[in-house]
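Asks: Got a structure here, written out as structure tokens. Questions coming.
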Amino acid sequence: MKKLLFVFCLLFSINSMAKGIWGNRFVTYDTLIKIFGPKSHSILEDKILKHYQVFGGACALMEANFSKDKNNSSLYYCRNGSAESKAPPYANDLVRRNALILSACNNLVHNADSFDYLMEKTIIFPNTIDRAQKILQEFYPQLGTNKELVYEALKTSNKQIRFPFLTRFLPLKIFNDYELLREFTYYFCISEKWQKF
Amino acid sequence: MASLFTPTLKAQYSEPEEVQKTQKEMSYILLNLYESPPRWLFDLPLIDSPTPHPMICTKIVNGKPTYKTIKKGNINFPSLWENKTQSLSSSPVPMSDLLDQMLIIRGCNMNKDGHDLNSRVLESTAEGKTSIGGRIADNYPSHFPALAVSGTMADPFKSVVSSFNTEKGLKAFICKEENSKNYIEQALDLYYKTSSSQPSVRELLEKISSHLKDSDPLSYQKIRELQKLPFEKIFMFFNKSLKKYNELLENSYQNDIIKDLSDQEIPAIKFPARFKLDEEKSKKPLDYMGAFQFERYILTGSDLNRVFKKRRADNIAKNFALAETALKFSLTNVLILNFDPLTNIDIRNAAPVNEITAKIENDEITFDCPKDKLFSTPKEGMKMTFDAHFIGTYPGLIGYSYYFQHFCAGLLEFKRFLKTTKKEGHNLFQNSLVHLTSEFERAPQKNQAGSDHGWRGHTSTFFSGRFDSGVKLLGKITKDSTNALGNAYCTWGAAADFPPIKREMRYGDIVASIASFFKVPPTQGGVSLLKYKGEKVVPSFKPQGEA
């Protein structure tokens, strides 16, 4: 009986872990600012940090990162404890959350400062596949080297930016590496798993 | 097997289903007069011979505030209903046109005091639990679980708009007062401006998921549905609807007449003001001039109607335009709309109550105010809060009567829209429940300087195409009710025992009634006051009045 109960508990905990919880606005912001650099702050503030009801997250633990001006500071800090905050601890509205992520990612990859920051990290790699691999690792370091996924993603990106009917005849010829990687980055940015724990 | 242990998570992270239209779409529209204006002027019929109080009045007759009624069927409605208001057609229409397919539930004891507390109760009694609107949204799914307008008076985190909650914990989208975006733009902006994701992208996202050995919630499917909305059409419809209501209200501000109120001069106090000493009164100015108080000022001038000449109630137009747009394009089936009070109140030379001096000579008391202390409102005007603690008989009677008349113009037009807009073979009115309410009633102060929270009474008025024609009145109110201080007794709408249930009505009974209408399980315990009779919805008990 005890063994059976143990198995149940184990299965339950594995399942719960697999489902995970969604990172709140600070975690989401933190991940993206590390990938797209400090100049992406205003996009992230507008699309993520301000939407405390959608992303959840009562208070910032590290005050230094966020705006301290009078109008915005109350959005981030709870100087009298987390009960002061009007933000829920975590979010349920996944539709609005993902719509905001779509919007944030779209802005990030089309903002020269943000996207170039990421591109600079990849410049040391000799070819597009390796550069794409680096981008994948920025979002999903746990995946390590995953050429299969990178290739699939590059193929989809290629389809999106070129005439789809030509892709079957063309090799994965990189004549606009920058645009291809922009599309590639966008997919991984809007994917959901990096937002979950 | 393990998923058996995590039903909530499973539900939350499973792929959103396509909206399954297994039953006809039904809509719930909550119109909340946040801060509770005196409903005895409008949709709270008192009893046949009410215990009078000078503050409970509907007209000025021979210079005195008087409570007058008009009889419709066997219900004595406040005399405001004898007036006309504006419509989109060239001629004014009787306000009483609204008295159709209407159910008034009065005499509900809210049991607790407090605006926010009782405002939240209109949706849900317990924090975080599924609210009645949430249950309706779950049963009749749409793009947004609920669209709400908080208004400028309510705290969006404390009032009724905050207590909406679906089974999955989804909240209402709250539209705010913003100069850059109107209500509908605020709600749709997020989906309008995002680039659409193609099916191939979805495939890729699924591949990413499979590499991560996890399943995706793929909320993008729902986002794609939202991205397909005809945005330009929706924005255009909202703007057209807003323009329509703005013009209607403008017409109403300019041309509405209230018999025995706006058609006569109503003089206010003239300083120095002399009164015969009354032993029952203190020497305080409010005991003699409280009826003319407006937010701690005593009004002066030859005609109080001038105070309201530039009045505005713009939020009425915005709210109804949002409701029309949301229902027309099936954006939501639940709307929670807080209404703002009149703005642009124009006061000239009012005396601050604490600057008024008193002088007693023989049997006379004379009040005066130094000229340099007199107050005039800033250019942008003042608001006339619904929470009339400091609004005396005269400004209260005139201001709230005007408000209700304008509100009636808006509601009549909204009702016409619902009746003339068809969906799934029925007009929208047939499948809607419009709920007009506020937190509680108002109990007048003895000196007529204002009215306090009458939380032992509450009125909820409903409109629906499922009701029979005419008006049904349910609920009992007491003849002699006290105010908060226990120093004035009159009939103001406090709950009395409702014979069929052998107790005072409570809000749970109203929630149970709404739940019956929508055929969903109630979220609070109570007795349903409504039942289905074929396609029609009728009172479960014999009404106290019919018109």
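The values are calculated or read from the model by the stated rules, or taken from the named source; none is laboratory data. Source: prediction; values computed, not measured. A quick note on method: Cβ atoms are made from the backbone with ideal geometry, for glycine too, and the neighbour counts reach across all protein chains shown.
Asks: Which number in (1) modelled with pLDDT of 95 or more; (2) in contact with a Ser or Thr (Cβ under 6 Å, 6 or more places away or on another chain); (3) charged (D, E, K, R) marks the one condition that B:Asp480 misses?
Replies: Single failed check for B:Asp480: (1).
Asks: Here's another thing I want to ask about it. Could you tell me which of the residues B:Ser197, B:Ser159 is buried (at least 17 other Cβ atoms within 10 Å of the Cβ), at pLDDT below 75 and within 14 Å of another protein chain (Cβ to nearest Cβ)?
Replies: B:Ser197
Asks: May I pose another question? For the range B:281-301, how many residues meet the condition of being over 17 Å from B:Gly396 (Cα atoms), in a loop (DSSP other than H, G, I, E, B) and of a type outside the set (Lys, Arg)?
Replies: Selection size over the range B:281-301: 1.
Asks: Looking only at strands (runs of 3 or more DSSP E) that fall completely inside the range B:13-131, which ones have 2 or more residues that are closer than 26 Å to B:Gln445 by Cβ and among the hydroxyl-bearing types (Ser, Thr, Tyr)? Break it down stepwise before answering.
Replies: Values: elements: B:27-32, B:59-61, B:64-66, B:69-72, B:75-78, B:102-105.
So the answer is none; nothing clears 2.
Asks: Moving to a separate point now. Among the residues of the range B:279-299, write down those that are farther than 17 Å from B:Lys64 by Cα, in contact with a Phe, Trp or Tyr (Cβ under 8 Å, 6 or more places away or on another chain) and either at pLDDT below 95 or not hydroxyl-bearing (Ser, Thr, Tyr) (or both).
Replies: B:Lys281, B:Pro285, B:Phe294, B:Glu295, B:Arg296, B:Ile298
Asks: Regarding the range B:120-139, can at least one residue be identified that is within 25 Å of B:Lys542 (Cα to Cα) and buried (at least 18 other Cβ atoms within 10 Å of the Cβ)?
Replies: Checking the range B:120-139: at least one residue is within 25 Å of B:Lys542 (Cα to Cα) and buried (at least 18 other Cβ atoms within 10 Å of the Cβ).
Asks: Check the range B:260-277 and report whether any residue there is crowded, with 18+ Cβ neighbours inside 10 Å, more than 30 Å from B:Phe390 (Cα to Cα), out of contact with any Gly (no Cβ under 6 Å at 6 or more places or on another chain) and at pLDDT 90 or above.
Replies: Within the range B:260-277, none of the residues are crowded, with 18+ Cβ neighbours inside 10 Å, more than 30 Å from B:Phe390 (Cα to Cα), out of contact with any Gly (no Cβ under 6 Å at 6 or more places or on another chain) and at pLDDT 90 or above.
Asks: Across the range B:263-280, what is the number of residues that are part of a loop (DSSP other than H, G, I, E, B) and of a type in the set (A, V, I, L, M)?
Replies: 3
Asks: Sort out for me the strands (runs of 3 or more DSSP E) sitting completely within the range B:449-526 that have 1 or more residues that are of a type in the set (Asp, Glu) and within 24 Å of B:Thr51 (Cβ to Cβ).
Replies: Output list reads B:451-454, B:503-506.
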